[in-house]
Protein chains: 2
Amino acid sequence: MYRTHTCGELRKEHSGKTITLAGWVQGVRDLGNLIFIDLRDRYGITQLFFDKSSPLAESAKQLGREYVIQVTGTIRERSSKNAQLETGDIEMLVEQLTVLNESKTPPFTIEDVTDGGDDLRMRYRYLDLRRSVVNKNLLHRHRVAQAVREFMDGQGFADVETPFLIKSTPEGARDFVVPSRLNQGQFYALPQSPQTFKQLLMVAGFDKYYQITRCFRDEDLRADRQPEFTQIDCEMAFVEQEDVLQMFEGMVKHVFQKVRGIELENFPRMSYADCLKYYGNDKPDLRFGMKLIDVKETVSGKNFKVFDDAEYVVAIVAEGCSEYTRKQTDELTDWVKRPQIGAGGLVFIKCGVDGSYKSSVDKFYSADDLKKIAKHCNAKAGDLVLILSGALNKTRKAAGELRLELGARLGLRKVDDYKPLWVLDFPLLEWDEEDNRFNAMHHPFTSWKKEDNELINTNPGAVRANAYDVVINGVELSSGSIRIHNRAQQEKMFSLLGLTNEEAQYKFGFILNAFEYGAPPHGGIAFGFDRFCSIVISNLDYIRDFIAFPKNNSGRDMMLDAPSDIDARLKKELGL
Amino acid sequence: MYRTHTCGELRKEHSGKTITLAGWVQGVRDLGNLIFIDLRDRYGITQLFFDKSSPLAESAKQLGREYVIQVTGTIRERSSKNAQLETGDIEMLVEQLTVLNESKTPPFTIEDVTDGGDDLRMRYRYLDLRRSVVNKNLLHRHRVAQAVREFMDGQGFADVETPFLIKSTPEGARDFVVPSRLNQGQFYALPQSPQTFKQLLMVAGFDKYYQITRCFRDEDLRADRQPEFTQIDCEMAFVEQEDVLQMFEGMVKHVFQKVRGIELENFPRMSYADCLKYYGNDKPDLRFGMKLIDVKETVSGKNFKVFDDAEYVVAIVAEGCSEYTRKQTDELTDWVKRPQIGAGGLVFIKCGVDGSYKSSVDKFYSADDLKKIAKHCNAKAGDLVLILSGALNKTRKAAGELRLELGARLGLRKVDDYKPLWVLDFPLLEWDEEDNRFNAMHHPFTSWKKEDNELINTNPGAVRANAYDVVINGVELSSGSIRIHNRAQQEKMFSLLGLTNEEAQYKFGFILNAFEYGAPPHGGIAFGFDRFCSIVISNLDYIRDFIAFPKNNSGRDMMLDAPSDIDARLKKELGL
């Protein structure tokens, strides 16, 4: 061992002891007579002290940032303590100094706030990871994983590893494929999720399965999407939806309690339809109200053509914002008109604290009309009513976005507040305008509600799935469903998705066959683990900070410079 | 929930209670008046009872093997108990029966001893996994993983996930590669191990890292080799070899204690050179003695040309085997002559219980000569001395194999006996006759012993590495080393391996660069997790039984039928 202790653990009670530490030089402060060095490791920082008279003083001065050194010396109480530092009561009077490795000057400062840009930090990720803001995230990630495993193990779930070299059965996203050398012209695929394997494990009688495992999707990358990501993958047999909800609500609560000391309340539940109706999307942020209010009837018939002709007119109420200036309302109008939101415009009603009502459409609406609308919206004196109109789905979505934006501007999306939610009763299918066919909303293995057994033939688009999501603060953490466990139903589903019998048998024959040999009823859920960590630890939705070696938005590992060319011989052996 | 209890938990004290179970029909015994059904789930088997008078009797008779059913009924004590079964004291008098799913007749019996051949069982792996001998292995595997994590977490190791889509840098085995769609003509590679990443994590200051993770090697498959396998991957900074040995000896002991209740003694240590000398290979099975004895000097000079001309003559002593018949010795001679062993022949000395000495080379050796040889070998009356001769390395290897074979035949390789061992002081390099260059014996990141710093320039083949293996009962469980943490040394190593500076920089620039920014001294180890499970759980070296969905010897998943063709569109998008 190169050390007797770590740089994070020395306290007053170690005074007088001879200790050996090893770590990185965070900085050297040469005060002429005295030299101080901050020595850093994963556990903390300890101040080293060299007297000018020490024979080591000269060597100490020569040390550069990020040199790796080993020091032995006596711990003593500091004269001026540093309350910011856990080791701030002590310092080491260094008696021996060994340079274990030198360092070139790092390309950016190894500090919480660094001068390194994204690209540079990714290229030198091993230096970026030395910054405590970054490595703390990963150490916390480990604690989240521990808490998950603790819960799952405790509930009797078996951690079973499923294969990575599987068969290509593209559904939704594109598969990454792996050319086979031993079977030229053939390919393995990397799993988009272990979905079919966990179902086969249920058919095999494993009863309760979980795995924290990597998944792969070759999608066109968007900001904060990674081609490989980690999933907490879970499945149970002989369960109904309620059993799954209870179990995994328990898991989420356990993790928050263990990692953050936060006791979450029981998760409310909301149907997909209500989410859209009241929040404009299927993952509402419940940290604040500001629900969408349908005002179509109240605003119609006043010759304001925009509203009269609109399929849907929706209001939200910004509390205490009646004094917004023209500049502020113009800015909001511009915001909703951006192509990402795509609204045609925004109508405001200011409910003055003096009881007045003013609007941007005073030409069409009397103060009384405005009052009526405000009342319908439960707006109080001092509030601002914002109204959007247009086609139902698009306008709902825009209003949902506007709600989130206002929530952020008004400071209502608090970083210390967690509002979880179960979203239920998703549609089974969604219509794909481009390909002119249905896609599975969750995935093709999701079962539908018994009550909708008729609809599956008459109006499949209206069928509701036995599917459920955990949403926290507007972020979808997980997605699950009760599965189909019967060959005929699974074939029906594939045919709704436009697969011929032959295609279904070629791609999914193994699971269709398995359903003929005593498949139990089963269901499960999968959590995006990177996202889960991001939310639990930072209450932000930014997964890249929670991945040790992430790829950039072009799917490139900047540090490795991958993907890259491969050996010509290897290429030839693969028949490429 | 489809059940109130599992099929493994009901006991006498549940008598009189109304219980609901769900599971698979293991078998139906129709005794005319009485019908018994064994209901099975992951947890056990419960006997169901139907009286002929029951309205359910007819339905019960119709149930086929592997049907999934739900039953509700009253538990009662059995009249004839079954001591073999944990639930053997009770049975359920069934009052309600629901068929949850039917089953075709399975293609093989779902019993510990089955009539299904390997191929058939692999094709229907989800049924094979229902056999308790198979699923128990995987449930135990989960417990091994738990015990590993418990130990590593407790020792402050952080579980950090490393990427799967990395850069191809073939060393030793071939990489599996993944064509990139977004960067056409370029490829990711799947990791053969997270070696360079764990070293970068040390450079990043993570200090103690572990991960149970998948690795990939595109090798020509041999029996019981899998293209994807799982590794317990570990690394520590600021450590010397002794620290790593202590830590991971502790880990192995912890796992044996937790999973098997076995307290392993402290691991003896043996140099690579001694392993070869005494056991003929670098992974000796220490469950029995029968060491190799160099008898060259003792047997020389008696005009027996075979021995006189041989570089090396080696004996092993089979205790109590002096009465072996001609048939038995001939059989052993044939065994060593097989091409896999490749010996030219075998000489026997029978040390009779009567004090006589007889040999297959009596023409050259007097009874006195034979006695001298036997004495040199410490052979007692009643023992059989077996002698091989030839070139040193080949003959040692053959003698080592013969020793193992005899150990097996004599029942000395006991399944309840565990004899762990650290093998130390491996050579750094091994000469590759085919490519006429050195290969790294462990891997190119392994450091060499300071004492051999001179040799690295004068005689690199003689340099010893800071490398260590855990061997148990003749099986290599893990391999590790103290790493190089200095750019110049790493470059020296690459040049010994025949890489030009440009090649080294292209392939491993990221880690060479990292070593210039304050890399700490570090070392680690990796355990083959599949093999570790196999040894801990069954004391057999057969990994396929411990993998949920293994591939066959051609790297094919028989159930999925993968690898396979891929979608033409996908192929085009990938530019293949």
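The values are calculated or read from the model by the stated rules, or taken from the named source; none is laboratory data. These numbers come from a predicted model, not from an experiment. Because the Cβ atoms are built from the backbone with ideal geometry, glycine has one as well, and the counts that use them run over all protein chains shown.
Look at A:PRO550 and say whether it is crowded, with 18+ Cβ neighbours inside 10 Å, closer than 30 Å to B:ARG174 by Cβ and either more than 7 Å from chain B (Cβ to nearest Cβ) or not aliphatic (A, V, I, L, M) (or both). Judged against the criteria, A:PRO550 is a match. Please indicate, with yes or no, whether at least one residue in segment B:169-184 is basic (Lys, Arg), at pLDDT below 95 and under 23 Å from B:THR446 (Cα atoms). Yes, segment B:169-184 contains a residue that is basic (Lys, Arg), at pLDDT below 95 and under 23 Å from B:THR446 (Cα atoms).
Of all the criteria given as (1) away from every other protein chain (no Cβ under 14 Å); (2) crowded, with 17+ Cβ neighbours inside 10 Å; (3) under 30 Å from A:MET558 (Cα atoms), the one not satisfied by A:LEU540 is (2). Those strands (runs of 3 or more DSSP E) of segment A:194-291 in which 2 or more residues are in contact with a His (Cβ under 7 Å, 6 or more places away or on another chain) occupy A:228-237.
In segment B:203-223, the qualifying residues are those that are at the interface with another protein chain (Cβ under 7 Å from one of its Cβ atoms) and modelled with pLDDT of 95 or more, and the one that is surrounded by the fewest Cβ atoms within 10 Å (Cβ to Cβ) is B:ARG214. Taking segment A:464-478 as the range and being buried (at least 22 other Cβ atoms within 10 Å of the Cβ) and either without any contact (Cβ under 8 Å) to a residue 60 or more places away in the chain or basic (Lys, Arg) (or both) as the test, the residues that pass are A:ALA465, A:ALA467. Cβ-Cβ distances below 6 Å connect the following pairs, each with a first residue in segment B:381-407 that is without any contact (Cβ under 8 Å) to a residue 60 or more places away in the chain, a second residue that is hydrophobic (A, V, I, L, M, F, W, C) and buried (at least 20 other Cβ atoms within 10 Å of the Cβ), and a separation of six or more residues or different chains: B:ALA381/B:CYS351. Within segment A:60-77, restricting attention to residues that are away from chain B (no Cβ under 14 Å) and surrounded by 16 or more Cβ atoms within 10 Å (Cβ to Cβ), the residue that is farthest from A:GLU13 (Cα to Cα) is A:ALA60. Could you tell me whether segment A:95-108 includes any residue that is modelled with pLDDT under 95, out of contact with any Asp or Glu (no Cβ under 6 Å at 6 or more places or on another chain), more than 30 Å from B:MET152 (Cα to Cα) and away from chain B (no Cβ under 11 Å)? The answer is no; no qualifying residue exists. Whenever a residue of segment A:554-576 is facing another protein chain (nearest Cβ under 7 Å), it has no partner that is surrounded by fewer than 16 Cβ atoms within 10 Å (Cβ to Cβ) and of a type in the set (Asp, Glu) lying with C-beta atoms less than 6 angstrom away and at least six residues away or across chains.
Just one of the listed residues (A:PHE348, A:PHE267, A:PHE304, A:PHE288) is touching a residue at least 12 places away in the same chain (Cβ under 8 Å), in contact with a Pro (Cβ under 6 Å, 6 or more places away or on another chain) and on the phi < 0 side of the Ramachandran plot, namely A:PHE267. For segment A:373-382, the count of residues that are closer than 26 Å to A:GLN340 by Cβ, surrounded by 14 or more Cβ atoms within 10 Å (Cβ to Cβ) and in the same structural domain as A:GLU235 (by TED's automatic domain parsing) is zero.
Hey, does segment A:191-202 have a residue that's more than 9 Å from every other protein chain (Cβ to nearest Cβ), within 30 Å of B:GLY205 (Cβ to Cβ) and not basic (Lys, Arg)? No, segment A:191-202 has no match at all. Among all positions in segment A:274-282, there is no residue which is of a type outside the set (D, E, K, R) and in the same structural domain as A:GLU516 (by TED's automatic domain parsing). State whether the residues of segment B:166-173 include one that is under 18 Å from A:THR213 (Cβ atoms), at the interface with chain A (Cβ under 7 Å from one of its Cβ atoms) and more than 21 Å from the chain's Cα centre (by Cα). Within segment B:166-173 (the criterion being under 18 Å from A:THR213 (Cβ atoms), at the interface with chain A (Cβ under 7 Å from one of its Cβ atoms) and more than 21 Å from the chain's Cα centre (by Cα)), the answer is yes, since at least one residue qualifies. Within segment B:518-531, is even one residue of a type outside the set (S, T, N, Q), in contact with a helix residue (DSSP H, G or I) (Cβ under 7 Å, 6 or more places away or on another chain) and within 7 Å of chain A (Cβ to nearest Cβ)? So far as segment B:518-531 goes, yes, one or more of its residues are of a type outside the set (S, T, N, Q), in contact with a helix residue (DSSP H, G or I) (Cβ under 7 Å, 6 or more places away or on another chain) and within 7 Å of chain A (Cβ to nearest Cβ). If you go through segment B:1-38 and pick out every residue that is touching a Leu at 6+ places or on another chain (Cβ under 9 Å) and away from chain A (no Cβ under 12 Å), you end up with 8. The criterion of being within 9 Å of another protein chain (Cβ to nearest Cβ) and more than 19 Å from B:GLN226 (Cβ to Cβ) does not hold for A:GLY154.
The residues listed here are A:ALA562, A:ALA514; of these, the one that is crowded, with 22+ Cβ neighbours inside 10 Å, closer than 30 Å to B:GLY509 by Cα and not polar (S, T, N, Q) is A:ALA562.
Out of all the residues in segment B:108-120, which are assigned to a loop (DSSP other than H, G, I, E, B) and either among the small types (Gly, Ala, Ser) or without any contact (Cβ under 8 Å) to a residue 60 or more places away in the chain (or both)? Those that are assigned to a loop (DSSP other than H, G, I, E, B) and either among the small types (Gly, Ala, Ser) or without any contact (Cβ under 8 Å) to a residue 60 or more places away in the chain (or both): B:PHE108, B:THR109, B:GLU111, B:ASP112, B:VAL113, B:THR114, B:ASP115, B:GLY116, B:GLY117. When you go through (1) closer than 30 Å to A:GLN155 by Cβ; (2) facing chain A (nearest Cβ under 7 Å) one by one for B:VAL177, which number turns out not to apply? It is condition (1) that B:VAL177 fails.
Tallying residues that are assigned to a loop (DSSP other than H, G, I, E, B) and crowded, with 20+ Cβ neighbours inside 10 Å within segment B:163-185 yields 11.
Looking across segment A:242-258, the residues that are farther than 14 Å from A:PRO420 by Cα and buried (at least 19 other Cβ atoms within 10 Å of the Cβ) come down to A:VAL244, A:MET247.
Segment B:431-531 holds helices (runs of 4 or more DSSP H) entirely within its bounds, and those carrying 3 or more residues that are at pLDDT below 95 map to B:501-514.
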